[in-house]
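The values are calculated or read from the model by the stated rules, or taken from the named source; none is laboratory data. A quick note: this is a predicted structure, and the numbers were derived from the prediction, not measured. Positions of Cβ are generated from backbone atoms using ideal geometry, with glycine treated the same way; all protein chains shown enter the neighbour counts. The protein model used for the area step is the full one, side chains on, heavy atoms only, and it has no ligands, DNA or RNA in it. Shrake-Rupley method; radii C 1.70, N 1.55, O 1.52, S 1.80 Å.
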Amino acid sequence: MAAGTHGGGALRPLADDGTPAGPVRRVPDLVAAIAEREKTDRPRWVWASTARLYPRLLKADVRVSRCHDLELVEGLLLGHAGRHGEPRSVRAAWARSRGEPVPPDPPPRGEPAQASLFDDEAEDPGDDIDQIVAVHAEHQRAIAEREGFALLAAAESAGALAAAEMGHDGLPWSADEHDALLTGLLGPRPVAGLRPRRLQELADRISAAFGPRAHVNPDSPAQILKAFASAGLPVPSTRAHVLERVDHPAVPLLLEYKELARLHAAHGWAWLDTWVSGGRFRPEYVPGGVVSGRWATSGGGALQIPRILRRAVVADPGWKLVVADAAQLEPRVLAALAGDRAFADAAAHGDLYEALSDAFEPGPQGRSARDKAKIALLSAMYGGGTGEAVQLLAVLKKRFPVAFEYVEAAARAGERGRLVRSRLGRTCPPPSQGWRELTAAGDEEAGAGEEGRRGRAARALRSRGRFTRNFVVQATAADWALVMLASLRRRLTGLGAPGSGGGGTADRDPAAVPRLVFFQHDEVIVHTPAALAGDVAVAVRAAAQEARRLLFGDTPVAFPMEIAIVDRYADAK
């Protein structure tokens, strides 16, 4: 599919290997042509960019089942070659394959410079169908040469469809509930530019705590540091963990102020006005926005909804929220990746940390054997190597040597400047040229500050090793979550209102179909008619098992989903 100007475009059928299977067909109304073709045979659409094109289809109530997102897949292939950050548009891929100068990528969707290809006023010349066909054929050849990459490309593209749909449908959000929460915590909504009443009360009490003549602005770290120094309590910073060790009456007031001020700034009334409308929070998800494959957002902070605000996420009348998250996902991914039989057997049970706890003795100060197992396992994945973690890691290494060696090998590869990959082939960025120069000269005697060049080189090596150690696990966990999301999205299209006919979604009432409305690393929320909530829970578990099978085959490692069917998000945990 190539989007042109004035609402038109071009279509061309392709064979499985990407070669043309018919002539180009020019259409005056591209949206209508896509809707018609989707209804008849639900093809896999090959197009330039889901983020740029799909929202326009959704506005016209047109949804597609599958796609191949050329920009996202080009980015995956560039990353696999260690060329992260290079332009990934169709025009860039086309020029690169022909040895021509590579143009920069266009501005992200939503910026003024980006005209919509479906608008009559668009000045963009549109997509080139020949370039799209050629780049897709190159992708098919490259994917065939990389084990697991076909699944990665399909899942990444499906994730882009889900992201656009979630942004369009929105997460059910009660503005009244949100306002009531803010009012209860901060006081009535203030006039623009003024502090809410509770924050002003705390600011006045903070100043009074430092003395009758003190005037301390709690939003100014410099003033806070100066006030503590004047009180004979110098502190290095205003971070919460630093202040908690200080015995002064201003400390609890400052900690409360910082927490409430953070809520006001990040999710206060201005956020509510900007991001919530029509009873929905509609963020802009960025699939693959993090190098590990995790998602990001370009606004709204959907991946960081404070626990206290989950009360505002409320299902519509007659509907439910099915909230599901994968329990202890990354440790289970490590167990499946490493193929450590003893570790895999332990991970076949519900609580992985509890299953590993028999390798550890309960410690002093109430630290349980389960807590020790958790510390040891997280230290193995994230590179902890000080204090108690050293001893706990030694126990883990003895008990599960294969799993321990898996992450150790990834760390060693990183320290040598090599690339590491997820299960499906997502690849970490290469080290910078500065890193290579520093570590190559790490054995030289050279004074550069107190530690010298060798000290800085050693720290750079350890940092790179910690990154690659974690990357192989976190990126594979992102692979699993993305495949699970794609599988769940497909299964939800098979559900509809009770009594509706079989077949595709065209046979169902679109207003009564369960919708994915939230995705965060290892957690999903589906907004569903109450009568279908049980079916959605079954679909979630089936999707998790499908992801497990597609990534790891016949592994004994379990990937349980903790599921709650609730009226509001806060009731799920």
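Tell me whether region 276-287 contains one or more residues that are surrounded by 14 or more Cβ atoms within 10 Å (Cβ to Cβ) and over 18 Å from Phe519 (Cα atoms). Scanning region 276-287 turns up at least one residue that is surrounded by 14 or more Cβ atoms within 10 Å (Cβ to Cβ) and over 18 Å from Phe519 (Cα atoms).
Kindly indicate whether any position in region 58-65 is under 19 Å from Val133 (Cβ atoms) and open to solvent by 50 Å² or more (accessible area, probe 1.4 Å). Within region 58-65, none of the residues are under 19 Å from Val133 (Cβ atoms) and open to solvent by 50 Å² or more (accessible area, probe 1.4 Å).
What do you reckon, is Pro190 within 29 Å of Thr297 (Cβ to Cβ), in contact (Cβ under 8 Å) with a residue 24 or more places away in the chain, in contact with a Pro (Cβ under 6 Å, 6 or more places away or on another chain) and open to solvent by less than 70 Å² (accessible area, probe 1.4 Å)? No; evaluated as a whole, the condition is false for this residue. When region 15-34 is examined, which residues are found to be crowded, with 18+ Cβ neighbours inside 10 Å and either at positive phi or out of contact with any helix residue (DSSP H, G or I) (no Cβ under 7 Å at 6 or more places or on another chain) (or both)? Those that are crowded, with 18+ Cβ neighbours inside 10 Å and either at positive phi or out of contact with any helix residue (DSSP H, G or I) (no Cβ under 7 Å at 6 or more places or on another chain) (or both): Gly18, Leu30, Ala33. A search for C-beta distances below 6 Å between a residue of region 516-532 that is without any contact (Cβ under 8 Å) to a residue 60 or more places away in the chain and any residue that is open to solvent by less than 10 Å² (accessible area, probe 1.4 Å) and of a type outside the set (S, T, N, Q), counting only pairs 6+ apart in sequence or on different chains, returns Leu532/Pro514. So, Leu70, is that one buried (at least 22 other Cβ atoms within 10 Å of the Cβ), in contact with a Phe, Trp or Tyr (Cβ under 8 Å, 6 or more places away or on another chain) and under 15 Å from Ile129 (Cα atoms) or not? For Leu70, the condition - buried (at least 22 other Cβ atoms within 10 Å of the Cβ), in contact with a Phe, Trp or Tyr (Cβ under 8 Å, 6 or more places away or on another chain) and under 15 Å from Ile129 (Cα atoms) - is met.
Kindly indicate whether any position in region 86-96 is open to solvent by less than 20 Å² (accessible area, probe 1.4 Å), closer than 27 Å to Ser298 by Cα and at pLDDT below 95. Looking through region 86-96, none of the residues is open to solvent by less than 20 Å² (accessible area, probe 1.4 Å), closer than 27 Å to Ser298 by Cα and at pLDDT below 95. Any idea which residue in region 135-168 is nearest to the chain's Cα centre (by Cα), counting only those that are open to solvent by 30 Å² or more (accessible area, probe 1.4 Å) and acidic (Asp, Glu)? That would be Glu147. Pairs meeting the criteria (first residue in region 201-215 and over 13 Å from Lys226 (Cα atoms), second residue aromatic (Phe, Trp, Tyr) and open to solvent by less than 40 Å² (accessible area, probe 1.4 Å), beta carbons under 6 Å, at least 6 apart or on different chains) are Leu202/Tyr257. Entry remark, region 523-556: residues being outside any helix (DSSP H, G or I), crowded, with 22+ Cβ neighbours inside 10 Å and either under 20 Å from the mean Cα position of the chain (by Cα) or at pLDDT below 95 (or both) number 4 in total. Taking the condition farther than 30 Å from Cys428 by Cβ, open to solvent by 20 Å² or more (accessible area, probe 1.4 Å) and in contact with a Leu (Cβ under 7 Å, 6 or more places away or on another chain), does Arg42 pass? Here the answer is no, as Arg42 does not meet what is asked.
Could you tell me whether any residue of region 157-173 is aromatic (Phe, Trp, Tyr) and either over 26 Å from His267 (Cα atoms) or touching a Cys at 6+ places or on another chain (Cβ under 7 Å) (or both)? Give the derivation first.
Within region 157-173, the first condition is being aromatic (Phe, Trp, Tyr), and the residues that meet it are 173.
Then keep just the ones that are either over 26 Å from His267 (Cα atoms) or touching a Cys at 6+ places or on another chain (Cβ under 7 Å) (or both); that gives none.
No, there is no match, as no residue in region 157-173 is aromatic (Phe, Trp, Tyr) and either over 26 Å from His267 (Cα atoms) or touching a Cys at 6+ places or on another chain (Cβ under 7 Å) (or both).
Could you count how many residues in region 146-187 are of a type in the set (Ser, Thr, Tyr) and touching a residue at least 60 places away in the same chain (Cβ under 8 Å)? Write out each step before concluding.
Applying the first criterion (of a type in the set (Ser, Thr, Tyr)) to region 146-187 yields 157, 174, 183.
Then keep just the ones that are touching a residue at least 60 places away in the same chain (Cβ under 8 Å); that gives 157, 174.
Residues in region 146-187 being of a type in the set (Ser, Thr, Tyr) and touching a residue at least 60 places away in the same chain (Cβ under 8 Å): 2 in total.
Regarding region 215-225, can at least one residue be identified that is closer than 25 Å to Gly301 by Cβ, open to solvent by 20 Å² or more (accessible area, probe 1.4 Å) and in contact with a strand residue (DSSP E or B) (Cβ under 6 Å, 6 or more places away or on another chain)? No, region 215-225 contains no residue that is closer than 25 Å to Gly301 by Cβ, open to solvent by 20 Å² or more (accessible area, probe 1.4 Å) and in contact with a strand residue (DSSP E or B) (Cβ under 6 Å, 6 or more places away or on another chain).
The set of residues from region 314-362 being closer than 13 Å to Arg399 by Cβ and polar (S, T, N, Q) comprises just one member, Ser357.
Of the residues in region 384-410, how many are at pLDDT 85 or above and among the hydrophobic types (A, V, I, L, M, F, W, C)? Give the derivation first.
The initial filter retains those residues of region 384-410 that are at pLDDT 85 or above, namely 401-410.
Those still in the list that are among the hydrophobic types (A, V, I, L, M, F, W, C) too: 402-404, 407, 409-410.
The total comes to 6.
Taking region 312-333 as the range and being more than 18 Å from the chain's Cα centre (by Cα) and assigned to a strand (DSSP E or B) as the test, the residues that pass are Val314, Trp319, Lys320, Leu321, Val322. For region 169-187, taking the residues that are open to solvent by 20 Å² or more (accessible area, probe 1.4 Å) and of a type in the set (A, V, I, L, M, F, W, C), the one that is nearest to Leu492 (Cα to Cα) is identified as Ala175. When every residue of region 411-426 is checked against the conditions, at least one turns out to be at pLDDT 75 or above, assigned to a helix (DSSP H, G or I) and open to solvent by 60 Å² or more (accessible area, probe 1.4 Å). I'd like the residue in region 198-214 that is over 13 Å from Gly268 (Cβ atoms) and charged (D, E, K, R) and, out of all such residues, is surrounded by the most Cβ atoms within 10 Å (Cβ to Cβ). Taking the candidates together, the pick is Arg205.
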